[in-house]
Amino acid sequence: MLKHGILGLLNYGDMTGYEINAVFKDSLNYFWQAQTSQIYRELQALEKNGWITSKHVEQKNKPDKKILSITEEGKEELGRWLREEEASHLMRSPLLMKTFFRGECSIEENIEYFRSLPETQAPVTEEKESILVPLREYQTIINDPRKGLFWKFTLDYGEMHEKMLREWCEKCIKELEAIKDEDPADQR
């Protein structure tokens, strides 16, 4: 998936590795995290596959830079990936894995866990304005409002997911509070 995210960014225009990393952190990072080292490693693999090319540019009074461009083969791969059916709808969620086993914790610990989840797992609503600023800047750079609409759809999903998470946590807390006093011996 990381390779396709990078191809998608380069499809908007040529960039340096530094610029790709910055744009990634300003946009895709809200739903697909990658370390800088992973991005640079992926760039090497993309170039080896022939999906991107690089051009060395010398600069005066600055370090030289490497401009990366998507190739026709890279555009074909991006299109293929966008059109393919998802192989699996299985969800991998560390949050749900941890929740599944929380019966090992006390009721009080679990209530605190569900109280803190929305703050630690739901950054989109809190940071919406800081997310919108770079997205607006990138929209003006690519000059294609239709593509910006899909960025908005992604942000909408994040907001709706957070709303669901908050409601789920409230429901879990209510159920835990309802059983909290049932068996005082069960305070593990």
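The values are calculated or read from the model by the stated rules, or taken from the named source; none is laboratory data. Computed from a predicted model, the values in this text were never measured in an experiment.
Structure notes:
- Matching residues in region 5-59 - criterion: being farther than 16 Å from Leu78 by Cα, among the acidic types (Asp, Glu) and not in a helix (DSSP H, G or I): Glu58
- Checking Leu95, Leu78, Leu68, Leu82 one by one, the residue that is in a strand (DSSP E or B) and either at negative phi or not assigned by TED's automatic domain parsing to the domain that holds Tyr40 (or both) is Leu68 and no other.
- Among (1) under 14 Å from the mean Cα position of the chain (by Cα); (2) assigned by TED's automatic domain parsing to the domain that holds Gln121, the one test that Lys25 misses: (2)
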